[in-house]
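Here is the structure we will look at.
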Amino acid sequence: MLKSISDISPHLNNRLVITSAAGLLTFLALKPLSQLLRTYVFLPKFTILRDIPFLAKDRKGGKIKGTVVICGGSVAGLFTAAVCYDHYESVIVVEADPWVHEHGTGPPGKKEVRITADGVAAEVNHRPRVVQFTSTHVQQPITTMTLRQLFPNFDEDAAALGIFPAPCDLRMYMKGVLVDTPYNAPGVKEKAPDTIYVSRYAFEVLLRRLVTKYRPNIKFVDGTVTGVIRSESDKDILTGVTVRTKDGHSQVIDAKLVVDCTGPTQSGFYKWFRSPLLKPELRLQYDPLMYYMTGSFHIPAHLQSKLPIPGGFGQKWLYTYWPNMEVEKKSIIMGIIENDTLIMTLGGWMHREKLHSIEAIKEYLASIIGGDAPVEPWVFELFDVLEKHIDEVDASYTDVKIPACSYIKYHEAPKGAYPRNFVGVGDSVMKVNPVFAQGMAKACMGAVTLGHVLQNSRIGKDGMVPETFARDFFKLQASRNDSIWQGTKGTDYGIPTTIPVEGEALSDGAGTRKFFKHLMGVAKKDHACWMALWKTRMFIGPPTDAMTPWVLMRVFWGMYKDKSPAA
């Protein structure tokens with residue numbers, strides 16, 4: 001007899017149990033009450049949807065006195081600067097990479113290629129600190145929604161770089177079988193939200209152009225933040241930062257708020273604070289041992305009609321293959337981005353094959369096993385065409401090893417572990433496996449969450465934030481972003497070669513993996529469940545929407561009957 005959740009699985013994630021219970025209680029409540037809960041509790045707790053309409057608006061009561069210093073000028077820093085502009089009198093972004101200051105707003109032209117020691121044509125990475133700078137980037141619609149609100153002329157400015165928003169349809173093949181976007185189902189009148197299909201290089205240039213064009217008073221400093229300065233009278237308050245400029249000099253910048261956007265460097269945790277309360281165990285780290293190759297091919301006009309792409313060359317996203325994780329660890333993503341470039345990423349967990357030719361790529365595609373259907377035939381035909389015209393497509397093959405993933409749980413640190421006017425956004429807090437392409441959304445949601453907390457905090461006339469400001473921010477950011485960590489880590493822990501967080505085991509999360517395996521099974525047959533789940537994964541709906549009693553009963557009953565290992 002089923003006595004508790006642990007009878008189904010002892011490894012269910014606590015957040016999943018809470019979300020399921022919340023969905024069940026919401027559904028069982030009176031319909032008007034459930035709608036109120038969704039609108040005023042679950043949407044603001046798990047998403048930024050209710051915050052977006054307040055972006056790019058004049059701050060009630062006028063701007064906050066003083067300066068916010070944003071340490072890092074990559075994607076997280078640029079999103080944060082755009083949001084903070086509407087709140088602070090002065091916004092300063094400190095960025096150490098000289099390429100950003102010299103070329104960061106220039107239009108991406110023809111890619112530069114270098115020949116490696118092995119004789120392979122690899123794309124030049126102008127920003128070596130950003131491992132994925134030349135890699136495929138897929139984005140959730142939440143980033144496009146945010147950008148359109150922040151910058152009313154976003155579509156026009158994007159078009160100037162050859163970037164055109166289009167409905168989000170990732171052409172997902174689960175185990176080789178198309179799992180169509182729920183918006184393509186018969187009778188669905190709702191239009192799929194737009195996203196942009198773009199390289200990391202072009203996206204960063206676009207975002208930096210938008211910020212400098214429409215937020216002209218933001219100041220960019222070429223240098224590195226080397227430390228923070230605490231108030232002599234109150235160690236809970238930062239008064240500024242120290243910066244080493246590009247010419248080697250040191251300067252002090254006064255600050256009312258300091259935002260860590262230093263990315264994987266995670267300077268706030270490693271370099272700026274020496275508090276015994278900020279314990280090392282607050283930073284979790286594991287390594288999925290994941291490798292991939294990004295192939296890039298410029299398709300000239302006369303070849304575009306020859307590629308056997310379903311829907312033609314104008315189709316933005318072409319193909320996403322997600323394997324049967326029980327027997328296969330290889331994946332495929334492929335699309336068309338700016339400058340008529342066909343870009344693909346091939347790889348997976350412990351995948352170290354050298355895919356430096358069309359022949360090697362075709363062998364890789366043919367080697368994928370364990371799916372309910374093989375790789376689509378037209379994919380092989382496409383590579384046949386590329387192979388025939390290889391001298392015309394400016395081919396490059398760039399290898400990447402995914403760095404270890406980490407999560408600094410600032411929201412669980414005790415009071416006094418960090419100053420009240422310090423926060424972190426993006427990879428400076430959470431660095432995840434890019435397998436689900438959530439990095440841009442994570443940075444975007446963190447910046448918008450900061451705007452929400454600024455808007456709803458009682459800021460002093462001197463510009464100082466309240467005592468609980470940083471903790472309030474980190475807790476809200478965690479409630480919105482924690483699912484990213486749990487989801488990617490849960491998937492990675494299903495791979496036996498993953499090196500887990502110290503003190504954890506790969507069996508941790510097995511129940512959660514089994515839950516989602518059965519949830520996807522239900523979603524394939526229940527359109528409303530699939531729509532809710534799709535929106536949750538795109539960060540445009542709370543997870544409680546998919547947790548109706550009917551769905552939960554089917555999922556848990558399936559888990560109870562299923563004695564096989566979690567996928």
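Inside region 509-557, can you point out the residues that are charged (D, E, K, R) and more than 21 Å from the chain's Cα centre (by Cα)?
Within region 509-557, Lys514, Lys517, Lys524, Lys525, Asp526, Asp545, Arg554 meet the criteria.
Against the condition of a type in the set (Val, Ile, Thr), at pLDDT 95 or above and open to solvent by less than 10 Å² (accessible area, probe 1.4 Å), how does Ile408 come out, does it pass? Judged against the criteria, Ile408 is a match. Against the test of being at pLDDT below 95, over 30 Å from Lys57 (Cα atoms) and in contact with a helix residue (DSSP H, G or I) (Cβ under 9 Å, 6 or more places away or on another chain), the options Leu278, Leu282 yield a single qualifying residue, Leu278. If only residues of region 407-430 that are of a type outside the set (A, V, I, L, M) and within 14 Å of Asp482 (Cβ to Cβ) are counted, the one that is nearest to the chain's Cα centre (by Cα) is Tyr407. Would you tally the residues in region 110-149 being farther than 27 Å from Thr181 by Cα, outside any loop (DSSP other than H, G, I, E, B) and either of a type in the set (S, T, N, Q) or in contact (Cβ under 8 Å) with a residue 40 or more places away in the chain (or both)? The number of residues fulfilling the criteria is 4. Listed by first and then second residue, the pairs with beta-carbon distance under 8 Å, at least 6 apart or on different chains, first residue in region 397-416 and part of a strand (DSSP E or B), second among the basic types (Lys, Arg), are Asp399/Lys354; Cys405/Lys431; Cys405/Lys489; Ser406/Arg283; Ser406/Lys431; Tyr407/Arg283; Tyr407/Lys431; Ile408/Arg283. Of the residues Leu552, Leu519, the single one that is in contact with a Cys (Cβ under 9 Å, 6 or more places away or on another chain), open to solvent by less than 40 Å² (accessible area, probe 1.4 Å) and more than 23 Å from Asp86 (Cα to Cα) is Leu519.
All of (1) assigned to a loop (DSSP other than H, G, I, E, B); (2) at pLDDT 95 or above hold for Phe380 with one exception: (1). Residue count for region 175-225, restricted to those that are under 20 Å from Ala81 (Cβ atoms), open to solvent by 20 Å² or more (accessible area, probe 1.4 Å) and part of a strand (DSSP E or B): 4.
Selection of region 246-262 for residues being at pLDDT 95 or above and open to solvent by less than 60 Å² (accessible area, probe 1.4 Å) yields Ile253, Ala255, Lys256, Leu257, Val258, Val259, Asp260, Cys261, Thr262. Among residues of region 183-199 that are more than 15 Å from Leu318 (Cβ to Cβ) and among the acidic types (Asp, Glu), those with a beta-carbon under 7 Å from a residue that is assigned to a loop (DSSP other than H, G, I, E, B) and open to solvent by 20 Å² or more (accessible area, probe 1.4 Å) at least six positions away or on a different chain give the pairs Asp194/Pro165. The C-beta contact set for region 150-175 (first residue over 20 Å from Met538 (Cα atoms), second residue open to solvent by 30 Å² or more (accessible area, probe 1.4 Å) and acidic (Asp, Glu), distance under 6 angstrom, 6+ apart or interchain) comprises Lys175/Asp372.
The values are calculated or read from the model by the stated rules, or taken from the named source; none is laboratory data. Everything numeric here is computed off the predicted structure, so don't read it as measured data. Heads up, the Cβs are rebuilt from the backbone with ideal geometry, glycines too, and the neighbour counts pull from every protein chain shown. Heads up: the accessible areas ignore ligands, DNA and RNA and are worked out on the full protein's heavy atoms, side chains in. Shrake-Rupley method; radii C 1.70, N 1.55, O 1.52, S 1.80 Å.
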